[in-house]
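As structure tokens, the structure follows; a few thoughts come after it.
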Amino acid sequence: MNEPHGMILIDVTPGMGGEFDRSFLERTGHDVVICHGPEQGELCPLLAGTGCEMVDRAHGIVFALDLDDDQHRSILQRYHEITRPEVPIRAVVRPGQRTKYADLIESFEVWEHQPTVADLDGFAAGVEAADRDL
């Protein structure tokens, strides 16, 4: 029997394409956890200094929150600061945001479209490769 792969965190705003289709990543043997970001008026635990168990456990992160939101940009920056360098992080951005937020996203692989099966397959392979290096 195959060993399950590491957990993948999908950080997505419900208004940005609704529920992220996680079924492909689950079929590749990954546990997938969805976070919809902080509630309106709430501060993300990463920014409040209390930490986030989901981020701590993640072997890969797909960030699809809205970069036009100050708090969401801060969350992405925090991912860069606290995750191990071998944890793959992909940022899904809207057209034009790659240029507008170039300094913030320069250290991440960026998708300017809804991730395709090929994108997700490559991402899952990167997570598995990072797991082997641990």
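Being open to solvent by 20 Å² or more (accessible area, probe 1.4 Å), farther than 15 Å from residue 23 by Cβ and free of Cβ contacts under 8 Å to residues at least 24 places away in the same chain is the filter here; which residues of the range 111-134 pass it?
Going residue by residue through the range 111-134, those that are open to solvent by 20 Å² or more (accessible area, probe 1.4 Å) are 112-119, 121-122, 125-126, 128-129, 131-134.
Next cut, farther than 15 Å from residue 23 by Cβ only: 112-113, 118, 122, 125-126, 128-129, 131-134.
112, 113, 118, 122, 125, 129, 132 - these are the residues of the range 111-134 that are open to solvent by 20 Å² or more (accessible area, probe 1.4 Å), farther than 15 Å from residue 23 by Cβ and free of Cβ contacts under 8 Å to residues at least 24 places away in the same chain.
Looking at (1) β-branched (Val, Ile, Thr); (2) in contact with a helix residue (DSSP H, G or I) (Cβ under 7 Å, 6 or more places away or on another chain); (3) in a strand (DSSP E or B), which is the one condition that is false for residue 10?
Every listed condition holds for residue 10 apart from (2).
If the Cβ limit is 8 Å and pairs must be 6+ apart or interchain, which residue in the range 78-103 that is under 19 Å from residue 51 (Cβ atoms) and in contact (Cβ under 8 Å) with a residue 24 or more places away in the chain pairs with which residue that is of a type in the set (Asp, Glu) and not in a loop (DSSP other than H, G, I, E, B)?
If the second residue must be of a type in the set (Asp, Glu) and not in a loop (DSSP other than H, G, I, E, B), the pairs left are 89/109.
Out of curiosity, is residue 76 over 22 Å from residue 132 (Cβ atoms), touching a helix residue (DSSP H, G or I) at 6+ places or on another chain (Cβ under 8 Å) and open to solvent by less than 50 Å² (accessible area, probe 1.4 Å)? Break it down stepwise before answering.
Numbers: over 22 Å from residue 132 (Cβ atoms): yes; touching a helix residue (DSSP H, G or I) at 6+ places or on another chain (Cβ under 8 Å): yes; open to solvent by less than 50 Å² (accessible area, probe 1.4 Å): yes.
Answer is yes for this residue.
Go through (1) surrounded by 20 or more Cβ atoms within 10 Å (Cβ to Cβ); (2) at pLDDT 90 or above; (3) farther than 17 Å from residue 111 by Cβ for residue 54 and report which single condition fails.
Status for residue 54: all satisfied but (1).
Would you list the helices (runs of 4 or more DSSP H) that sit entirely within the range 25-134 and hold 2 or more residues that are closer than 21 Å to residue 7 by Cα? Outline the logic, then answer.
Details: elements: 45-48, 53-57, 70-82, 97-100, 102-105, 117-133.
Because the criterion is at least 2 residues that are closer than 21 Å to residue 7 by Cα, the helices (runs of 4 or more DSSP H) in the range 25-134 that meet it are 45-48, 53-57, 70-82, 117-133.
Select from the range 98-118 the residues that are within 21 Å of residue 83 (Cα to Cα) and not β-branched (Val, Ile, Thr) and list them in ascending order.
Taking the range 98-118 and keeping what is within 21 Å of residue 83 (Cα to Cα), we get 101-111.
Residues satisfying the conditions are 101, 102, 103, 104, 106, 107, 108, 109, 111.
Run down 71, 97, 40 and say which single residue is of a type outside the set (A, V, I, L, M, F, W, C) and open to solvent by less than 30 Å² (accessible area, probe 1.4 Å). Working first, answer last.
On the way: 71 fails: open to solvent by less than 30 Å² (accessible area, probe 1.4 Å); 40 fails: open to solvent by less than 30 Å² (accessible area, probe 1.4 Å).
So the residue among 71, 97, 40 that is of a type outside the set (A, V, I, L, M, F, W, C) and open to solvent by less than 30 Å² (accessible area, probe 1.4 Å) is 97.
Out of curiosity, is residue 63 in contact with a strand residue (DSSP E or B) (Cβ under 6 Å, 6 or more places away or on another chain), touching a residue at least 12 places away in the same chain (Cβ under 8 Å) and under 16 Å from residue 126 (Cβ atoms)? Break it down into steps so the answer makes sense when it comes.
Values: in contact with a strand residue (DSSP E or B) (Cβ under 6 Å, 6 or more places away or on another chain): yes; touching a residue at least 12 places away in the same chain (Cβ under 8 Å): yes; under 16 Å from residue 126 (Cβ atoms): yes.
When the stated conditions are applied, residue 63 passes them.
The values are calculated or read from the model by the stated rules, or taken from the named source; none is laboratory data. Computed from a predicted model, the values in this text were never measured in an experiment. When we count neighbours, we look across all protein chains shown, and the Cβ atoms used for this are built from the backbone with ideal geometry, even at glycine. Note: areas computed on protein heavy atoms with side chains; ligands, DNA, RNA excluded. Shrake-Rupley method; radii C 1.70, N 1.55, O 1.52, S 1.80 Å.
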